[in-house]
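The values are calculated or read from the model by the stated rules, or taken from the named source; none is laboratory data. Treat the numbers as computed from the prediction; the structure is a model and nothing was measured. Note: ideal-geometry Cβ built from the backbone for every residue, glycine included; neighbour counts use all protein chains shown.
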Amino acid sequence: MIRVTAIETGKARMKTAQRTGRPDRGPIGRKIDIFRDREWVEPLPILCFLIEHPEGRFLVDTGDTWRNSVPGYLPGWNPFYRQVSIRVAPEEEIGPRLRNMGLDPARDLAAVVLTHFHHDHTGGLDHFPHNRIIGPGENHAVSTGLRGMMMGCLPQRWPIWLKPELVQMDGPAIGSFPASHPLTRDGRIALVPTPGHVAGHCAVVVRDDDVTYFLAGDATYSQENLRAERTDGVTNDPSTALATLRAIKAFAGQQPTILLPAHDPDAARRLAAKEVLA
Ligand SMILES: [Zn+2]
């Protein structure tokens, strides 16, 4: 028996040009479009997902932190951070959320899994000093130092104890994905490569008997955008991002799949209704 639960850890707002990039624009043009855009999308959830599996509980992503709105937390020299607005109250952070569910992060989680190292996925890491933290090695490599800071990561804010287990996609093919990294011995939970939003981005697939949950991270911001094959405005590699959208669609064509992106306002409803991507 496997159970997946969506946990909302506050809200994020972005420009419409970030949610959806113009297909005729390259990476630089898309960023210019975001700066010029005056339209913000509605506040989007910052979702983490708890997977309960016979081998333990796995948390996918950690959301952001209330400190994001404290002056000086974000690097002032990078104007990109002013194109995103994070609103997280202290009690909305993932630690208090888990405690409200009766879970002790230190005792009750087998591992914390990151889809990628953007700040709205790593900002809750402070709650997990005693946990295994697993993340994609290829994404971590582009998330550190100045390069990371220019690309939406805040390595200078990562906990000083952070030594993530960096994994490679060297496991078996799963559906339309040529490789994977199994997280459980039975292989029912696995990371699969979904690059494009950022290099080395991974999604988490959870294969239950009757349905597969596809925890997409930011591989797509919404099911609507996935269906229409619309890539986002922050990708540095639109063609790879598009290939990933097509791989996810192909995967969902092979097995009943519930798509769960990290910022999709409809994801929790689809999960509750067990509504598959058709
Ligand atoms: Zn991201």
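Taking region 218-234 as the range and being out of contact with any His (no Cβ under 9 Å at 6 or more places or on another chain) and either within 11 Å of the ligand (Cβ to nearest atom) or of a type in the set (S, T, N, Q) (or both) as the test, the residues that pass are Gln223, Asn225.
Kindly state which strands (runs of 3 or more DSSP E) lie completely within region 163-278 and contain at least 2 residues that are crowded, with 24+ Cβ neighbours inside 10 Å.
Numbers: elements: 165-167, 189-193, 202-207, 212-217, 257-261.
In region 163-278, 189-193, 202-207, 212-217, 257-261 are the strands (runs of 3 or more DSSP E) which contain 2 or more residues that are crowded, with 24+ Cβ neighbours inside 10 Å.
A quick yes/no check of all residues on (1) within 15 Å of the ligand (Cβ to nearest atom); (2) at pLDDT below 95; (3) out of contact with any Phe, Trp or Tyr (no Cβ under 6 Å at 6 or more places or on another chain):
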{"site": "Ser176", "(1), (2), (3)": "no, no, no"}
{"site": "Ser180", "(1), (2), (3)": "no, no, yes"}
{"site": "Leu191", "(1), (2), (3)": "no, no, yes"}
{"site": "His197", "(1), (2), (3)": "yes, no, yes"}
{"site": "Asp209", "(1), (2), (3)": "no, no, yes"}
{"site": "Leu215", "(1), (2), (3)": "yes, no, no"}
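The residue pairs whose first member lies in region 225-244 and is on the phi > 0 side of the Ramachandran plot, whose second member is of a type outside the set (S, T, N, Q), and whose beta carbons are closer than 7 Å, counting only pairs six or more residues apart or on different chains, are Glu229/Leu242; Glu229/Leu245; Glu229/Arg246. Can you tell me which residue within region 2-20, out of those that are of a type in the set (Gly, Ala, Ser) and under 15 Å from Arg97 (Cα atoms), is surrounded by the fewest Cβ atoms within 10 Å (Cβ to Cβ)? Here the answer is Ala6.
Do we have any residue at all in region 84-95 that's touching a helix residue (DSSP H, G or I) at 6+ places or on another chain (Cβ under 7 Å), in a helix (DSSP H, G or I), of a type outside the set (D, E, K, R) and without any contact (Cβ under 8 Å) to a residue 40 or more places away in the chain? Within region 84-95, one or more residues are touching a helix residue (DSSP H, G or I) at 6+ places or on another chain (Cβ under 7 Å), in a helix (DSSP H, G or I), of a type outside the set (D, E, K, R) and without any contact (Cβ under 8 Å) to a residue 40 or more places away in the chain. Within region 144-162, restricting attention to residues that are closer than 21 Å to Pro193 by Cα and part of a loop (DSSP other than H, G, I, E, B), the residue that is farthest from the chain's Cα centre (by Cα) is Thr144. Taken across region 92-106, residues that are β-branched (Val, Ile, Thr) and surrounded by fewer than 13 Cβ atoms within 10 Å (Cβ to Cβ) do not occur at all.
Exactly one residue out of Pro23, Pro43, Pro71 is loosely packed, with under 13 Cβ neighbours inside 10 Å and within 24 Å of Leu259 (Cβ to Cβ), and it is Pro23. Within region 110-124, being more than 18 Å from Leu260 (Cβ to Cβ), crowded, with 21+ Cβ neighbours inside 10 Å and away from the ligand (no atom under 15 Å from the Cβ) holds for no residue. Of Gly135, Gly171, all but one fail to be away from the ligand (no atom under 16 Å from the Cβ) and modelled with pLDDT of 95 or more; the exception is Gly171.
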